[in-house]
Amino acid sequence: MHHKHVMLSEKEGDRERYVYITDNIFNCCGHCQSVVFTMASYSFLRVAVSFIFIVTYAFANDTLYFPKDFLLGTATAAYQIEGGWNESGKGESVWDWWTHENPSLIRDGSNGDVACDSLHKYKEDVQLLSDLGVPKDIKPFVTLYHWDHPEIFERMGGWTNEMMVEWISDYARVVFKELGPKVKYFMSINEPNVLCGEGYGENVKAPGKNLGSPGVFLCMHNVLKAHAKIYHIYDKEFRKYQEGTIGIVLPCSGALPKNPNDTAAVNMHFQFNCGWIAHAIFSKTGDYPEIMKTHVAENSKLAGFSKSLLPELSSEWVQYIK
Ligand SMILES: *[C@@H]1O[C@H](CO)[C@@H](O)[C@H](O)[C@H]1NC(C)=O
Ligand SMILES: *[C@@H]1O[C@H](CO)[C@@H](O)[C@H](O)[C@H]1NC(C)=O
């Protein structure tokens with residue numbers, strides 16, 4: 001969509017860098033909904049700032065339209081473009097640690113130490129965006145957390161430690177206070193299922209804990225609580241003055257059954273993939289999807305566990321999260 005973005009102009013002086021940024025954006029677009037060109041640097045966590053622009057789309061055949069206020073954009077993450085990994089008072093993040101410790105896990109052995117160097121070149125990034133012919137009313141979308149928390153927190157358990165909920169809440173307040181006067185769209189946490197699955201269940205992304213299902217479920221349990229807390233902080237302490245909105249970034253995928261009658265499998269896939277988070281936040285009843293609770297409980301029993309590997313949300317948390 002909007003292929004203008006991939007047309008690389010030879011006029012750009014820093015072409016290599018430009019290609020890198022474009023690559024990163026397109027890498028990311030497969031599963032994020034928005035854009036990025038720059039990052040604000042914070043002394044301990046960094047904030048991905050996305051610039052979203054409005055495009056009103058009409059298909060030639062007059063059958064499909066995006067709604068008038070639909071926002072299309074592109075996005076990336078702080079670690080993907082920012083660089084300056086040990087500058088400006090920033091401590092080591094889980095991504096710094098993980099890529100330095102495990103260089104072989106990245107195909108070409110590269111890392112985000114410098115990346116697109118956007119920490120130093122963010123003004124040029126905005127200029128590049130403008131050169132691409134993006135309309136003037138670029139709207140920044142800020143994701144508070146795109147997977148890079150301080151390594152020191154990870155040593156204390158990271159997302160397997162419920163204290164993360166408090167730590168990230170303190171950080172969220174700082175971001176709302178500083179950026180909220182200008183930013184009207186916030187997102188709490190990026191793609192929790194990828195973070196928990198590949199970062200805690202496996203060793204595919206930082207922090208690479210490789211804990212299997214128990215780690216995955218525990219991570220999400222705390223991420224859901226953290227999202228809820230961040231949401232309520234914005235709602236109670238900032239929304240009235242800043243008049244923005246806050247959401248979460250969910251990559252939800254559907255499945256097509258081999259046998260079209262197999263709707264149960266389709267539903268199970270969707271509930272495990274998307275409902276795991278979305279049901280807890282957006283449904284009337286809240287909590288994990290029933291099918292997930294039942295299924296994980298049964299499988300945990302079969303595997304010889306005395307309790308389900310899916311932790312229980314107390315009714316207080318269910319109410320608070322939904
Ligand atoms: C930051 O890291 C780079 C290597 O990525 C190193 O060359 C440089 O000396 C470090 N700077 C500081 C201030 O430690
Ligand atoms: C799906 O169900 C319908 C109605 O029961 C049946 O006629 C059809 O053969 C089924 N299709 C497949 C691919 O099993």
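The values are calculated or read from the model by the stated rules, or taken from the named source; none is laboratory data. Remember, predicted model here, so these are calculated numbers, not experimental data. We place every Cβ from the backbone using ideal geometry, glycine too, and count neighbours over all the protein chains shown. Protein only, heavy atoms only, side chains kept; ligands, DNA and RNA dropped before computing areas. Shrake-Rupley method; radii C 1.70, N 1.55, O 1.52, S 1.80 Å.
Remarks
- For region 112-127, filtered to residues that are acidic (Asp, Glu) and over 19 Å from residue 147 (Cβ atoms), the residue that is modelled with the lowest pLDDT is 125.
- Residues within region 296-322 that are under 27 Å from the mean Cα position of the chain (by Cα), open to solvent by 50 Å² or more (accessible area, probe 1.4 Å) and without any contact (Cβ under 8 Å) to a residue 40 or more places away in the chain, tallied: 4
- Residues satisfying the stated conditions in region 127-146, i.e. open to solvent by 20 Å² or more (accessible area, probe 1.4 Å), closer than 23 Å to residue 245 by Cβ and not in a loop (DSSP other than H, G, I, E, B): 139, 140, 141
- Residue within region 186-194 that is under 26 Å from residue 100 (Cβ atoms) and without any contact (Cβ under 8 Å) to a residue 40 or more places away in the chain present: no
- Where a residue in region 270-294 is closer than 19 Å to residue 253 by Cα and open to solvent by 30 Å² or more (accessible area, probe 1.4 Å) and its partner, wherever it lies, is part of a loop (DSSP other than H, G, I, E, B) and among the aliphatic types (A, V, I, L, M), with Cβ under 9 Å and at least six apart: 270/255; 273/255
- Residue check for residue 204: assigned to a helix (DSSP H, G or I) and either closer than 22 Å to residue 151 by Cβ or free of Cβ contacts under 8 Å to residues at least 60 places away in the same chain (or both): no
- Close pairs from region 218-231: first without any contact (Cβ under 8 Å) to a residue 60 or more places away in the chain and not assigned by TED's automatic domain parsing to the domain that holds residue 199, partner open to solvent by less than 10 Å² (accessible area, probe 1.4 Å) and not charged (D, E, K, R), Cβ under 9 Å, at least 6 apart: none
- Hey, residue 165 under 17 Å from the mean Cα position of the chain (by Cα), closer than 19 Å to residue 243 by Cα and assigned to a helix (DSSP H, G or I) or not: no
- Scanning region 76-83 turns up no residue that is surrounded by fewer than 19 Cβ atoms within 10 Å (Cβ to Cβ), among the hydrophobic types (A, V, I, L, M, F, W, C) and at pLDDT 80 or above.
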